[in-house]
Every structure is written in structure tokens, then in C-alpha cells.
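Engineer: If you scroll down you'll find the structure; I have some questions about it.
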Amino acid sequence: MITRLRLAPPGGIKAGKNVRIHRPRHRIEAPEHITIGDGTTIGSNPLIVPILEYGGVRYDPRITIGQNVYIGPNLYMVATRGISIGDGCVLSESVFLNDNSHGFDPEAGLIMNQPLTEGGQIRIGAGSFLGLRSAIMPGVTLGEHCVVGINSVVTKSFPAYSMLGGAPARLIRRYCREQKAWLRP
């Protein structure tokens, strides 16, 4: 049995009570731009980076993780504008959230030297589940209680109670509260 040590969040993060981040902590930067709610657990090796400056451009990002959120190991979360994760969400292992991308102008030199393209904030509604190795792309909003399947790439927004899968992700089912069942659209 593997035992992972837990540790409190790094100084500067606005964190609630009983927040745990498993060791090893890979990379957490600009803690003053990160807020984590009560009872949240983050697995080992997270990369959580609010980008404050890149290519001479300054940003003012905010990363907000709600209460009682579970995030599995190997999270990749990078923001120039903002990412918010609602209360009670579950993010499986190796989930990718990035609200920006590199420039890809073939006439503008090396990709890593081009300005970032801001694609819009990412918002994940309360009670949502993001499956193993899923990716949430810039500008996406998921409503409450959405389910994202394994290896899915979410490139557009979906309303509450949506089940998504694929690359790019598409609507697979909608939860019907009256019938208390996930139904095909």
C-alpha cells in the first residue's frame, strides 16, 4: 500500500479549513492568486499556475477552487484570466484546464516566443465530475452536475446536468430530474 503524506497549502494561498495537498507538490505558483475552499483535497504532483506575465504582457488571473472538491494526482491548471471549480466537484487523475494557448502564427517566429492567446475563463459548475485525462479548453463553462468522460476534450460550453464524451466532446445524455435518470438527447 502506498502512503502519500499530506501537507497544508503553501503560504499565500487563501485556503479554508482542512485543505490538503498531497506530496510531492510539483509546482504551485503565484499563491496570492489562488483560493481554495474548506475540505478540499488536491492529489500529488499538481501544476497550478496563474500566469502573471508572459512575453511582456501582464495578466491578473484568479484560480478559485470551491469547498469539498476532490482533485486527483497530476492536475494541470494554468490561467491568464481565470478558472473556477464549483463546490463538491471531482476531478480525476491527470485533468487538464487551461484558459489560454500559445500563438501559432508561422510568420511570427518561435511558438514559445509568441504572445499567449486568451481564450476566456473556465467555469466548472458545482457537483460536476471530470473523468481521467479529460481536457477543458479556454472559454468553456459547464453547468452544475455535468459529467465528462475519460479522455474527453471539451471545446464548448454545456448546460447543467449534461453528460459529455469524445474529442471534441459532445452531449451523450441529459439528466432528467422528473424521471431521475440520464436520458439520451
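The values are calculated or read from the model by the stated rules, or taken from the named source; none is laboratory data. As the structure is a prediction and not an experimental result, all values here were calculated from the model. Because the Cβ atoms are built from the backbone with ideal geometry, glycine has one as well, and the counts that use them run over all protein chains shown.
Engineer: Kindly evaluate residue 74 against the criterion of being of a type in the set (S, T, N, Q), in contact with a Ser or Thr (Cβ under 9 Å, 6 or more places away or on another chain), within 22 Å of residue 135 (Cβ to Cβ) and part of a loop (DSSP other than H, G, I, E, B).
Structural biologist: Yes: the conditions hold for residue 74.
Engineer: What residue, among those in the range 154-185 that are crowded, with 18+ Cβ neighbours inside 10 Å and among the aliphatic types (A, V, I, L, M), is farthest from residue 101 (Cα to Cα)?
Structural biologist: Here the residue is 163.
Engineer: Checking the structure you have, find out if any residue of the range 83-97 is more than 30 Å from residue 180 (Cα to Cα) and either more than 12 Å from the chain's Cα centre (by Cα) or assigned to a loop (DSSP other than H, G, I, E, B) (or both).
Structural biologist: Yes, the range 83-97 has at least one match.
Engineer: Can I ask one more? Looking only at residues in the range 109-142 that are in contact (Cβ under 8 Å) with a residue 40 or more places away in the chain and at positive phi, which one is surrounded by the most Cβ atoms within 10 Å (Cβ to Cβ)?
Structural biologist: Only one residue fits best here, namely 127.
Engineer: Could you tell me which residue of the range 32-45 is farthest from the chain's Cα centre (by Cα), considering only residues that are crowded, with 22+ Cβ neighbours inside 10 Å and farther than 15 Å from residue 68 by Cβ?
Structural biologist: First, pick out the residues of the range 32-45 that are crowded, with 22+ Cβ neighbours inside 10 Å: 33-34, 36, 40, 42.
So of that shortlist, the ones also farther than 15 Å from residue 68 by Cβ come out as 33-34.
Values: 33: 15, 34: 12 Å.
Only one residue fits best here, namely 33.
Engineer: Name the residue that is farthest from residue 61 (Cα to Cα), counting only residues in the range 91-123 that are among the β-branched types (Val, Ile, Thr) and at pLDDT below 95.
Structural biologist: 111
Engineer: Moving to a separate point now. Hey, among 93, 53, 29, which residue is acidic (Asp, Glu) and either surrounded by 19 or more Cβ atoms within 10 Å (Cβ to Cβ) or touching a strand residue (DSSP E or B) at 6+ places or on another chain (Cβ under 6 Å) (or both)? Please lay out each step first, then the result.
Structural biologist: Details: 93 fails: either surrounded by 19 or more Cβ atoms within 10 Å (Cβ to Cβ) or touching a strand residue (DSSP E or B) at 6+ places or on another chain (Cβ under 6 Å) (or both); 53 fails: either surrounded by 19 or more Cβ atoms within 10 Å (Cβ to Cβ) or touching a strand residue (DSSP E or B) at 6+ places or on another chain (Cβ under 6 Å) (or both).
On inspection, the qualifying residue turns out to be 29.
Engineer: Report, ordered by the first and then the second residue, all pairs with beta carbons closer than 9 Å, sequence separation of six or more or different chains, a first member in the range 17-31 that is farther than 16 Å from residue 70 by Cβ, and a second member that is among the hydroxyl-bearing types (Ser, Thr, Tyr).
Structural biologist: 23/44; 24/44; 25/44; 26/44
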